[in-house]
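One structure is given here, and the rest of the page talks about it.
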Amino acid sequence: MKFILNSGRTIRQGKYIENKLSQGYAEETSQCHIHPLDLLELGVEEEENILVTNAIGEVVLVAVADEGLPKGMVFVPYGIHCNSVISACTHGTGMPDYKIHEVEIVPTSEKRKTPVELLEQLGGVRYAGN
Amino acid sequence: MQEIKDMVCPFCGCLCDDVTLEIENGEIVATDNCCAIGNAKFLGKNRLKNPIKKVDGKWVDITYDEAIDTAVDILLDADRPLLFGWSGTHGEAQCVGVHMNEILGGVIDSTTSVCHGPSILAIQEVGHPGCTLGQVKNRADLIIYWGCNPIEAHPRHMSRYTTYADGYFLDNAFRNRKVIVVDVRETETSNVADEFIRIKPGGDYAVLSSLRAILRGKGDMIPDSVAGVTKTQLIQVAEMCKTCKFGALFFGVGLTMAKGKYKNVRNAIEFVDDLNRHTKFTLTPMRGHWNVYGANEVMSWMTGYPYAVDFCRGVAFYNPGETTAVDILARKECDACMIVGSDPAAHFPHSCVEQLRDIPMIVIDPFQTMTTTLADLQIPVAVTGIDAEGTAYRMDGVPLKVKKAIDSDYPSDTEILTRIYDIMLEVKGL
């Protein structure tokens, strides 16, 4: 199913902003809020994983029912998860389309990755000294 | 136990300056008057203990002297360095950053380019009808939150300045002050609004134009529904705005990150301009980082431009869309990067993060961030508002002195950047 992806701040994401390698941050930024009727149409139960894809990339997120969203729109808290499918095109303004990106969503049995796992996949190395 | 009052919270653009901190054995153990985010910031642990450098793909601990020499080498070896971040540090450090960028001939950009950069472009086109938050608190009887969700992003904004605040010139402000929320989705903020306007994604420009048409007596041109908003509601909202005594429109990245970008903001400013023919109305961007406004101020005084300043020609050049961090990284143009008080690996599009991985990168930050994992060097610093002090600008442009609560052995951003800058001057014989 096609959706419009909207990303933004949540208070829980904000709380972990200085501790982004924590489990709490990983849980929050890998959530995908969807209208319950869209979940029904997708055949996905709440807390099941979904695969979000577009031409930029793909990412596995967990579905969270949210009646406050319009049908056809999903909301993902700011973070490396949602940025996996955000294009760097700024239309000459410097600002990517963080609030309005077309994505395709399907159910998946794949597991969510943590931000650290996503960064390690990119070649990042966590400092373990502290 | 020592109690320190009236401290400034270094998290969001509200810069709440009524925070109480309790100190025990040189550590902050409790806060009062903070929101959940500010509380987490003041009580934050896990600071990086010493500078670290990546050698053959592994992190090794190094001294501050070695770290500074490495940073100088990385920056001086680069042809087109990008100095990015700056919204999470104090004004004095931002000044050193601009000086450094001038001698490097690099690009200096702040997180503005991925938050309210488009708002600045609009302000440069049509001006900024702004005022201080004190004016809003004491006078405004109508508040509009457009494309923002202060309960999640600026948690004390409503209690300090709008919905839940007393107003000196208002009778029973809590009951009589009306709040309109405009958003594409229901939020905690829209749930407490007197009027919620729900717009279809990408419809902000059309709705603003319709409200302006109604204000100018051209309501008959408006169709029955505009971007999902009924004409009846548009007429009602235009009337609420026109008949208030003092209105304040706050807007967030819902306008700057959606389709239309700076044109949305320009239309919002012109809507406020139209309203000022009927009543008093002001507009304020809900700035995110605690000193992102300061980064714009400092760069404006020093270079003439508020962000995305390119010194490769020897003079300041500004062209957002070309000299902004996301565009420079997407074009794979910069060959080294220094990040100060920001975490682009968490907030930039994927292809930009890949470029950050592929070039030498220095991070100056108190904590291990997501960007750290892709960096080559990190220098830990003191946290402004906890163990460092400096100047910051609130979202309404009011500068505040951010005091420190405790002493520590960590150097401040200004100290580290000055040491790097001084060596650069020496190497370049300047």
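Residues of the stretch B:191-218 that are part of a loop (DSSP other than H, G, I, E, B), in contact (Cβ under 8 Å) with a residue 40 or more places away in the chain and among the β-branched types (Val, Ile, Thr): B:Val192 alone. Within this structure, A:Ile56 fails the test of being farther than 19 Å from B:Gly254 by Cα, in contact with a Phe, Trp or Tyr (Cβ under 8 Å, 6 or more places away or on another chain) and surrounded by 17 or more Cβ atoms within 10 Å (Cβ to Cβ).
The single residue among B:Gly97, B:Gly57, B:Gly85 that is farther than 19 Å from B:Val398 by Cβ, more than 26 Å from the chain's Cα centre (by Cα) and in the same structural domain as B:Asp396 (by TED's automatic domain parsing) turns out to be B:Gly57. Per the listing A:Ile34, A:Ile4, A:Ile50, A:Ile17, the residue uniquely within 11 Å of chain B (Cβ to nearest Cβ), among the hydrophobic types (A, V, I, L, M, F, W, C) and closer than 18 Å to A:Ile105 by Cβ is A:Ile4.
For (1) within 18 Å of B:Phe250 (Cβ to Cβ); (2) under 25 Å from the mean Cα position of the chain (by Cα), each residue gets a yes or a no:
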| position | (1), (2) |
| --- | --- |
| B:Arg175 | no, no |
| B:Ile180 | yes, yes |
| B:Ile197 | yes, no |
| B:Ala206 | no, no |
| B:Gly228 | no, no |
| B:Gln233 | no, no |
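Kindly indicate whether B:Val340 is touching a strand residue (DSSP E or B) at 6+ places or on another chain (Cβ under 8 Å), under 30 Å from B:Gln135 (Cα atoms) and buried (at least 24 other Cβ atoms within 10 Å of the Cβ). No: the conditions fail for B:Val340. Got a number for residues in the stretch B:1-36 being over 16 Å from B:Ser408 (Cβ atoms) and either outside any loop (DSSP other than H, G, I, E, B) or of a type in the set (Lys, Arg) (or both)? So the count comes out to 11.
So, restricting to helices (runs of 4 or more DSSP H) that lie completely within the stretch B:48-153, which ones have at least 3 residues that are away from every other protein chain (no Cβ under 14 Å)?
Here the list reads B:64-77, B:91-104, B:133-139.
Considered as a group, the residues in the stretch A:98-130 that are assigned to a loop (DSSP other than H, G, I, E, B) and more than 7 Å from every other protein chain (Cβ to nearest Cβ) include one that is farthest from the chain's Cα centre (by Cα), and that residue is A:Ala128. Taking the stretch B:346-402 and the strands (runs of 3 or more DSSP E) fully enclosed by it, the elements with 3 or more residues that are more than 8 Å from chain A (Cβ to nearest Cβ) and within 30 Å of B:Cys131 (Cβ to Cβ) are at B:390-393, B:399-402. The criterion of at least 1 residues that are over 20 Å from B:Gly38 (Cβ atoms) is met, among helices (runs of 4 or more DSSP H) falling completely within the stretch A:10-66, by A:23-29, A:36-42.
Checking A:Asp97, A:Asp38 one by one, the residue that is buried (at least 18 other Cβ atoms within 10 Å of the Cβ) and without any contact (Cβ under 8 Å) to a residue 24 or more places away in the chain is A:Asp97 and no other.
The values are calculated or read from the model by the stated rules, or taken from the named source; none is laboratory data. Remember, it's a predicted structure, so these values are computed and weren't measured experimentally. Please note: Cβ atoms are built from the backbone with ideal geometry, for glycine as well, and neighbour counts cover all protein chains shown.
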